[in-house]
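Structure first, then comments.
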Amino acid sequence: MAKVISQDTFDDVVKENVVEFSMTPSEAKEETIKQFEAQGINLANIIKDLSVNPQTGQPVINETVDKIKEHIGQKTEDTSQLLEQLATLDAECQKSLAHRVLAGKNGAHDALITLLEETLSADSPNEALIKKSLEAVNSLTHKQPDLFDAEAMAVVLKLLALQVENQDITLLTLQWLQKACIMHEVNRQNIMNTPALKLMKPLLGKGKDRLMRELTAVFRFLVLDDDIRVEFGCAHEHARQIAGEVLLPLVELLPAYEDPNVLADLLLTIGTLAVRQELCTAIDEAGGLKSVFEIMSRNLDEVRLNKEALKLLRALAGHDSVKTHIVQQGVAPIIKQLLETHHSNENIVAAALACVTTLTLRVQEHSAAFFETGIAEVIVEAIRAHPKHKIVQRNGAWAIRNMVSRSRNQCETWISFGVEDLLNDAMKEHPSVQQDIKAALRDLGCSVHLREEWTGTAEKKIAA
């Protein structure tokens, strides 16, 4: 079994080489590594690239945390040194997860929380100090959500209630919440059990591009289900609660923004929160469909925006009456335009074909509405353009099947565009989706070999 040492032991030897033998930090680390490897020690668990103070030989990250702790409780107006130390801690934590873990073990999180509490309790809070502390705690919490505790949540609530004019502080607070939510179900539930949502709702508004992007990200991260440590999450319940507070305000804000990135985030968030039938109906009744169609028509060239719009329409189409309204209000020509505009973009093509699949499922009138736009030839050309992309081929087969299954009068038109050969080629290229492709060929009336996967044999003959 390989021998191992602690980080402290490694750092002590580096310090000894710097102080006792006047080596530079790089020479000291190199010599230390050679010493331990010569002794057969496994250094896989050691952070070898820590910045070292050339005077003291101590790791910079450890010294910085200690200096920040010393400042706590000192009521001094000169915060220049403290700001420098916070900037140093921020820079060190951004280097790697290992650096952040080391800082956390040395008490950096508790020190930063205490510092923020002291600053916020002052008669006139130092905004520069709050901002630097938030930058440092953001870097520290990145991929370390376990650090976020009840004290941190209390600080977040104070910051949200503060309503400072400095928007950077609000943005950093929201980013901190996002990092606390990722891969941590307990944090998400704790956040939802506080007044955080009610404090964030007033932040929604017009002309706040950066704020809206960070705010909608928090809403989406609160409904993640990515923590393997818990058997069951509360993503659906969280989505329902958040939708009850902010869904309609988000829909109403759609016409107020022009930036494609902000609009994409709004559409993505609305789609993420629309997890129940009544919510889909509420979006429809609030004029959400009209806003989405106008946004798509104005921004046909925007890839991400249209991808999120298509995903939202597909989610809303889960409600049959909303699906009918989507088609009746003229989505078919818009999707056809998107397929023509982004013919070479496999992601948009796949999303558009999936949307056609959902909207034409088991409704002959919807299939006819799409067919009348001439979308059949566009779909065939999209399939032809991406023969190696399995999802495009599968989604294309789905769309064709749903369009012709109740409208056999369309079959000749589809076949005249050469779709039979394309689907047969796709079946050979992508055997994992051959059942989907066979279903399309079957409903087109083409020749298809349907193989019986399993035939049972009875031990005893069953009497007729």
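The values are calculated or read from the model by the stated rules, or taken from the named source; none is laboratory data. In this text the structure is predicted, and so the values were computed from the model without any measurement. So basically every Cβ, Gly included, is an ideal-geometry build from the backbone, and we count neighbours across all protein chains shown. We work out accessible area using only protein heavy atoms, side chains counted, and drop any ligands, DNA or RNA first. Shrake-Rupley method; radii C 1.70, N 1.55, O 1.52, S 1.80 Å.
Surface exposure of segment 104-221, expressed per residue as accessible area with a 1.4 Å probe, stands at 42 Å². Legend: calculated FRET efficiency, D12 to D259, from the Cβ-Cβ distance at R0 = 60 Å, rounded to 0.05, equals 0.70.
For segment 246-361, the Cβ-based charge dipole about the Cα centre amounts to some 300 debye (Lys, Arg positive; Asp, Glu negative; other atoms uncharged). Of the listed residues K460, K336, K158, K143, the order by accessible area with a 1.4 Å probe, largest first, is K460, K143, K158, K336. Charge dipole of the chain (Cα centre as origin; +1 on each Lys and Arg Cβ, -1 on each Asp and Glu Cβ, all else neutral): 1840 debye, rounded to the nearest 20. What you get for segment 209-303, charging only the Cβ of Lys and Arg (+1) and of Asp and Glu (-1), is a dipole of about 80 debye around the Cα centre.
Efficiency by 1/(1 + (r/R0)^6): what FRET value for E117 and Q328, r their Cβ-Cβ distance, R0 = 51 Å, to the nearest 0.05? The computed FRET efficiency comes out at 0.35. Summing charges over neighbours of E151, with a neighbour being any other residue whose Cβ is under 9 Å away from its Cβ, gives -3 when K and R count +1 and D and E count -1.
For segment 320-336, the residues whose amide N sits under 13 Å from a probe point set 7 Å from the Cα of E372 along the beta carbon direction are 327-333.
Accessible surface for E151 stands near 90 Å², nearest 10, in the context of the full protein assembly shown (1.4 Å probe).
Accessible surface calculations at 1.4 Å, restricted to protein heavy atoms, place segment 1-58 at 61 Å² per residue. Each Cα pair under 8 Å and six or more residues apart adds its sequence gap; the mean of these over the residue count of segment 1-58 is a relative contact order of 50 percent.
Once the Cα-Cα distance is subtracted from the 0.36 nm per residue extended length, the A154 to S344 segment shows a gain of 63.4 nm. With the Cα gyration tensor of the chain giving a ≥ b ≥ c as the square roots of its eigenvalues, does the rule (a/c under 1.5 for rounded; else a/b larger than b/c for prolate; else oblate) give rounded, prolate or oblate? Verdict is prolate for the chain. In segment 332-446, taking the dipole from charged Cβ atoms about the Cα centre, the farthest positive-side position among L361, I383, W414 is held by L361. Could you check how much of the accessible area of the chain is carbon and sulfur, as a whole percent, using a 1.4 Å probe? Answer for the chain: carbon and sulfur cover 49 percent of the accessible area. Legend: calculated FRET efficiency, D320 to H236, from the Cβ-Cβ distance at R0 = 22 Å, rounded to 0.05, equals 0.60. Measuring between their Cα centroids, segment 341-379 and segment 197-251 lie 31 Å from each other.
Length gained on full extension, E37 to L162, computed as 0.36 nm times the residue gap minus the Cα-Cα distance: 39.6 nm. In terms of distances greater than 18 angstrom between alpha carbons, the cross-link table entries K105/K143; K131/K198; K179/K206; K69/K132; K95/K143; K198/K290 yield K131/K198; K179/K206; K198/K290.
The slack between E70 and A44, meaning 0.36 nm per residue of separation minus the straight C-alpha distance, is 6.1 nm.
Every helix of 4 or more DSSP H residues in the chain counts as -39500 (n - 2.57), and over all residues that averages to -21000 deg cm²/dmol at 222 nm. Put simply, the amide H of V52, placed in the peptide plane, has neighbours under 5 Å in V60, leaving out anything fewer than 5 places away on its chain.
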